[in-house]
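Everything on this sheet refers to the single structure shown next.
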Amino acid sequence: MNMAWMVVRRLFHAFVLVLAVLVLNFLLIHLAPGDPADVIAGEMGGATEEMLADIRKTYGLDKPIYVQLGVYLERALQGDLGQSFFYNAPVLDLVAGRAGATILLVVTALLFAIAVGTLLGVLASHKPKGIVSGLVTLVSVVGYSAPIFWTGLMLVILFAWVIPIFPIANMFDITKDTGFFGFILDVLHHLVLPALTLGIVYLAQYARLTRASMLEILGSDYIRTARAKGVAETKVYTHHALRNAILPVVTIAGLQFGSIVSGAVLVETVFSWPGLGTLAFESILARDYPTVLGILFFSSVLVIIANLITDLVYRIVDPRIRTGG
Amino acid sequence: MSDETLLEVQDLKVHFGGKKLFKKAMVVHAVDGVSFTVPKGKTLGIVGESGSGKTTTALAVLRLVPITAGKVQLDDLEISALEGDELRHSRKRFQMIFQDPYSSLDPRQRVGEIVREPLDLMDIGEEKDRDQMVRDLFVQVGLRPELTKLFPHQFSGGQRQRVGLARALSTKPDLIVCDEPVSALDVAVQAQILNLMRKLQEDLGLTYLFISHDLGVVQHLCDHVAVMYLGQIVEQADRISLFKNPQHPYTKALLSAVPKARARDGSEERVRLKGDPPSPVNLPQGCRFAGRCPVAIDKCHSVPPELKDRGDGHMASCHLLDE
Amino acid sequence: MATVDEPIVVESQSPIREAMRAFRQSWAGMLGLILLILVVLFTYVGPFLYSVDPFEVIWAPLTAPGETERAPLGTDYLGRDILAGLIHGGSATLYVGLAAGFITITIGILMGAFAGFFRGAVDEVLMRITEFFQVLPALLFAMVLVTLFPPSIYIVALAIGIVSWPTTARLTRAEFLRIRTLEYVNAARSVGAKNSRIMWRVILPNALAPLIVSATLTIGIAILFEAGLSFLGLGDPNVFSWGLMIGAGREYILDAWWAVTFPGFMIFLTVLGFSLVGDGLNDAFNPKLRER
Amino acid sequence: MTSLLTIKDLVVDFKTRAGNARVLNQISLELKSGEILGIVGESGCGKSMTALSVMGLVPSPPGKVSEGSILLEEEDLLQASNARMRQVRGGIISMIFQEPMTSLNPVFRVGDQIAECVLLHEDISKTDAWERAVEMLTKVGIPEPALRAKAYPHELSGGMRQRVMIAMALSCHPRVLIADEPTTALDVTVQAQIFDLLKDLQRETGTAIIMITHDMGAIAELADRVAVMYAGHIIESGLTKDILENPHHPYTRGLIACVPHLETDPTEVRPYLSEIKGVVPSLTELGKGCAFADRCPYKTPVCEERRPDIEPISEGHAVACHNVEYVVAV
């Protein structure tokens, strides 16, 4: 099966998912107790009767439900996710303004987690009953079990109080003016703790997964073949085994992207990182529903895109999928 | 010996795939027009390589895969026409023994429960007698009756195959379909099971449909043999005639490929086939064997040959035999 | 090894009992079990031994642990007793964890079983639905649900259950797809078993091992979820919980580390208990992995 | 002919939860250059472990080579350094396995996998190594070798993959090829092709082959000499013709008689197969007597007392049985 056709199919698939998320948003507005117009306007938005009437008119809330759905989808697909009454700005602008920070945080954490996690997993698989292996298992269980916001708070205590070397809040220091590169450095400096917090949890899982997957693969026939032809032990690990062991890591990384975005919400809140998470938190407290739903929608799209990329990457890494069809 | 027909299969077809959302339709012609009969109390062997459709044929006869076309008649019962509860209750008349002694028994059930399950499901005998029936079945297949409480993982491969045999016998079936029942066993155990199967046939008058890739085993056990290639029977005859006087080039090649457990003397003529069997997805136009056939002629690549009687009920499908 | 004609020990080894024995030999599993028992005792027996109301202001705010006997683990920013909070904060968390775990497992197994057993169009439809729920960022969606609907621990449990089931569904489906090709399934059918019997009496019991492991882990995840929501202040405001304590103490973290550290540690211990039990069960069900 | 590989009194132990399993018990074998030696036995008899010992690939832990020596001409491989063993593996002694489906790494092209072997053992450029790979694929009878070298394993059939394995094993002109059940997973017509290929290549290159199998037929087809193994022991060895036509050990006799061999001239009468009663004993529970004693129809008290040594009974034919004269006479 050819690649282009596959991509087209995947894109179509993704589009259907996007539509489905919008339909879900629409349903949520209507299922929630109270007047949908209230929900759209946001309870705390100080919506006057006039405004509500206006909303009813634009969204056709007096019309049959499927017409309303049609209107909603049409507007959403044109980029109109509604108006935030709390921030007094179009939701799309708000979301777009904050998305960059979240993506930076999530991608950094993910890359860190995959790189270090895989490395630890490989080390642990070398002697499955050795000390390193035990440590990796321990660290991964601990990392997995600690609430992410608590880990973040513990890091805050550690790096603000015990060894104050990293900033514990915000994305950059507005009081400094150090030019472009200085700004970049400043952001990276601020990024360390949130990314570390988010990374630790996922690192634990990747280390565990890599270890299990390496152990399975090291017992397989083709590893025996590699040894039988005289491949050195290090190369057996790095070349023959890892290339195969990485496959489930790729799958899980893709599937987990959604939960990583979720994790980012908590981490952002802890570190006042100005991304979608803090926006979501603030708008929920303000009962600013259009913004909340907009963020949900946008994050879902982010996940859909991530899944799409994973799928393509997987096809590149695994020849069986590439040509198998 | 009566030659009364027990099982009759007519033009059986099993095709897989074809309809799938968003995906290209690929039809696998696993079984493509197969007909045979099995006389009561006899054994018909179906031999073939992987992809020949022999196992699918077995499963189709038992209605364990959907039949695309054709008729399966067991005595007065048209198996291919049964549906739902009727089919389930009729299953007591045709049972199966499986290939893998490790995956054919549910690891969560005690072996006694495994053998008893058909009795309960088919409502055979009085409920209070069933435990005794199970113990009797154990004795019949050479297992001690006190083993009923054990779990499958406590048994060796050969013993598990005996449990499978007891399960199949429990409903007193007319027909037992055996799908490579000894191929997963070590040779010493294989002999034990083959002898047991023969003994049971003699004692109970069982009829076997025996699927195997092992020509030696088939020659030993079967009264009639059908050779399958890519979903079709290419040759079919009684045991002596088929092994002594094979007609189809594929059968000849198959027989010649089997290593003989004798010291080499270099006297026998060897027929060697090139390549692997093609896939049942893209079938060739003419004779399905033409691509690998050492003696194929032009006609073979365009016109499919017919399975015809070549004398004394020895059937073979090959253009060269028509000349 | 047994032979046909040689007597062997006639003692049945049930796979379940075997697994339980293996579990008892796994230090991770036993440690986890002990942790869980301690947490449960602390939560359900603790209130009888230490009857301080967690909402009551008992001492000066932000008192450090050890400064007064009235509050051995210190007080929070309102002067409420941290220890009392720890004791009373567990039951809601455990309830939500178990309830959400139950919802997850039920939906997941049903969806996965039907998809894996019937395959074809049923599979296609159910897997699209699963995929859809997997695309939703779980915590955000749960946040939306608990803001749109009046917050109560039932809604919280439901929200968590709704966003967590796809993993279980996929796992169940994979197991069903694997097991349905095994010969004993065909064997059951050939002795006249109905679809329902094959699904629930033949395939499910054999698929149960990884599902039980995943259920244990799911409860852990659900607890983390509940904690996260409470931390954000989106939990049931009338119910005291560990997450809520951390959320409340967060502002004062540099003045009162104890107000966030202890409740967080409780959550950690509880989830760790479930993770370790999950590990132990996993080892117990996969003897091959254990020997490696 | 000179002796190329000599295994002397090899003992391999495995630690299992049930206790110590002696998987190889005082094995001695000799492989002469240019010959095909068959090792035959049921599963668990230790035939594959013999091969892995020679390759230095006994999984350790739990396995351990406890005693004995494996001499490659004069050099004891059990004493060789890791670096030397890597040279030996694939360079001097190479091996092919039972499962062609899983023995090739799924994520690399088959050409690369063969070329890797060449690069490991010879000072040669990457392009030359690739050319060698294509050349080897031609040699093992793969059509369109230049194209197939770029294929991934899953794109080839089982027979093709086994040919690739053979090409890889022979790519560095080894002196010994160990084939561990190379055709068990293949269809009978493909199996015949592989046998022919091995014979042809052996004739052409003079590589000595150790052929491990459970199938007496395969032995008859290929081997010059045979060693029969049972529960970690070699219980009989000799020329193929002698073993097949005149087996002495009760186990060898049983093994040959219990298989329904394909006859070109079948008769109406079909006697029952002869059986070897019982099953192979557990290796952790071997007593001091003969390992086959429990299943042996000719058992005498001495069989349970003492393990028989393998002793020559005629030129090149050795048997480990206390009652060999009696067995033959019956």
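The values are calculated or read from the model by the stated rules, or taken from the named source; none is laboratory data. Just so you know, these numbers come straight off a predicted model, no measurement behind them. Note that each Cβ is placed from the backbone with ideal geometry, even for glycine, and that neighbours are counted across all protein chains shown. Ligands, DNA and RNA are stripped out before the accessible areas are found, and what is left, the full protein with its side chains, is counted by its heavy atoms. Shrake-Rupley method; radii C 1.70, N 1.55, O 1.52, S 1.80 Å.
Below are the figures for this structure:
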| item | result |
| --- | --- |
| Residue within the stretch B:285-303 that is open to solvent by 30 Å² or more (accessible area, probe 1.4 Å) and under 23 Å from the mean Cα position of the chain (by Cα) present | yes |
| Residue satisfying all of: in the stretch B:151-161; within 14 Å of chain D (Cβ to nearest Cβ) and farther than 17 Å from B:Met197 by Cβ; most open to solvent (accessible area, probe 1.4 Å) among these | B:Gln154 |
| Restricting the stretch D:146-188 to residues that are at the interface with another protein chain (Cβ under 9 Å from one of its Cβ atoms) and of a type in the set (Asp, Glu), the residue that is nearest to the chain's Cα centre (by Cα) | D:Asp187 |
| Test: residue in the stretch C:114-132 that is in contact with a helix residue (DSSP H, G or I) (Cβ under 6 Å, 6 or more places away or on another chain), open to solvent by less than 20 Å² (accessible area, probe 1.4 Å), within 14 Å of chain A (Cβ to nearest Cβ) and in a helix (DSSP H, G or I) | yes |
| Long-range neighbours under 7 Å by Cβ, at least six apart or interchain, first residue under 11 Å from B:Val47 (Cβ atoms) within the stretch B:231-249, second among the small types (Gly, Ala, Ser) | B:Ile233/B:Ala226; B:Val234/B:Ala316; B:Val234/B:Ser317; B:Glu235/B:Ala316; B:Gln236/B:Ala226 |
| Residue match in the stretch B:290-303 (condition: touching a strand residue (DSSP E or B) at 6+ places or on another chain (Cβ under 6 Å), at pLDDT 90 or above and assigned to a loop (DSSP other than H, G, I, E, B)) | no |
| Residue within the stretch B:130-138 that is without any contact (Cβ under 8 Å) to a residue 40 or more places away in the chain and at the interface with chain C (Cβ under 8 Å from one of its Cβ atoms) present | no |
| Check on C:Ala215, touching an Asp or Glu at 6+ places or on another chain (Cβ under 8 Å) and either surrounded by fewer than 24 Cβ atoms within 10 Å (Cβ to Cβ) or within 11 Å of chain A (Cβ to nearest Cβ) (or both) | no |
| Residues located in the stretch C:227-284, provided they are outside any helix (DSSP H, G or I) and touching a residue at least 24 places away in the same chain (Cβ under 8 Å) | C:Leu232, C:Leu234, C:Gly235, C:Asp236, C:Pro237, C:Val239, C:Phe240, C:Ser241, C:Asp255, C:Ala256 |
| Residue in the stretch C:174-185 that is among the acidic types (Asp, Glu), within 12 Å of chain A (Cβ to nearest Cβ), in contact (Cβ under 8 Å) with a residue 60 or more places away in the chain and open to solvent by 10 Å² or more (accessible area, probe 1.4 Å) present | no |
| Pairs where the first residue, in the stretch D:314-330, is on the phi > 0 side of the Ramachandran plot and the second is modelled with pLDDT of 85 or more, C-beta under 9 Å, 6+ apart | D:Gly316/D:Arg225; D:Gly316/D:Ser237; D:Gly316/D:Gly238; D:Gly316/D:Leu239; D:Gly316/D:Asp242 |
| Selection from the stretch D:275-297 of residues that are farther than 28 Å from D:Gly63 by Cα and either open to solvent by less than 50 Å² (accessible area, probe 1.4 Å) or not in a loop (DSSP other than H, G, I, E, B) (or both) | D:Ile276, D:Cys296 |
| Criterion violated by A:Phe298 - all others in (1) open to solvent by 30 Å² or more (accessible area, probe 1.4 Å); (2) more than 10 Å from every other protein chain (Cβ to nearest Cβ) satisfied | (2) |
| Test: residue in the stretch B:242-256 that is within 11 Å of chain D (Cβ to nearest Cβ) and either assigned to a strand (DSSP E or B) or more than 23 Å from B:Arg272 (Cβ to Cβ) (or both) | no |
| Residue tally, condition hydrophobic (A, V, I, L, M, F, W, C) and away from chain D (no Cβ under 14 Å), over the stretch B:162-191 | 9 |
| Out of A:Val141, A:Val132, A:Val162, A:Val156, sole residue that is closer than 23 Å to C:Phe268 by Cβ, among the β-branched types (Val, Ile, Thr), more than 7 Å from chain C (Cβ to nearest Cβ) and out of contact with any Lys or Arg (no Cβ under 6 Å at 6 or more places or on another chain) | A:Val162 |
| Cβ-Cβ under 7 Å pairs, at least 6 apart or on other chains, the stretch D:48-69 side β-branched (Val, Ile, Thr), far side open to solvent by 40 Å² or more (accessible area, probe 1.4 Å) | D:Val58/D:Val65; D:Val65/D:Leu78 |
| Matching residues, the stretch A:272-295, being assigned to a helix (DSSP H, G or I), over 17 Å from the mean Cα position of the chain (by Cα) and more than 8 Å from chain C (Cβ to nearest Cβ) | A:Glu282, A:Ser283, A:Pro290, A:Thr291 |
| Subset of the stretch D:310-330 that is in a loop (DSSP other than H, G, I, E, B) and either of a type in the set (Gly, Ala, Ser) or in contact with a Pro (Cβ under 6 Å, 6 or more places away or on another chain) (or both) - its residue that is modelled with the lowest pLDDT | D:Gly316 |
| Filtered residues of the stretch D:298-309 (kept if open to solvent by 70 Å² or more (accessible area, probe 1.4 Å), in a helix (DSSP H, G or I) and in contact (Cβ under 8 Å) with a residue 12 or more places away in the chain) | D:Glu304, D:Glu305 |
| Unique residue being in contact with a helix residue (DSSP H, G or I) (Cβ under 7 Å, 6 or more places away or on another chain), open to solvent by 20 Å² or more (accessible area, probe 1.4 Å) and within 22 Å of D:Ser103 (Cα to Cα) when the list is D:Val259, D:Val188 | D:Val188 |
| Residues being over 21 Å from B:Pro145 (Cβ atoms), within 9 Å of chain C (Cβ to nearest Cβ) and not in a helix (DSSP H, G or I) - total across the stretch B:105-123 | 2 |
| The stretch B:195-215, residues that are open to solvent by less than 30 Å² (accessible area, probe 1.4 Å), farther than 12 Å from B:Pro181 by Cα and more than 11 Å from chain D (Cβ to nearest Cβ) | B:Leu200, B:Gln201, B:Leu206, B:Thr207 |
| Residues located in the stretch A:251-292, provided they are modelled with pLDDT of 85 or more and open to solvent by 10 Å² or more (accessible area, probe 1.4 Å) | A:Leu266, A:Val270, A:Ser272, A:Pro274, A:Thr278, A:Phe281, A:Glu282 |
| Criterion violated by C:Phe55 - all others in (1) within 14 Å of another protein chain (Cβ to nearest Cβ); (2) open to solvent by 40 Å² or more (accessible area, probe 1.4 Å) satisfied | (1) |
| From D:Glu245, D:Glu204, residue being without any contact (Cβ under 8 Å) to a residue 40 or more places away in the chain, open to solvent by 10 Å² or more (accessible area, probe 1.4 Å) and at the interface with chain B (Cβ under 10 Å from one of its Cβ atoms) | D:Glu245 |
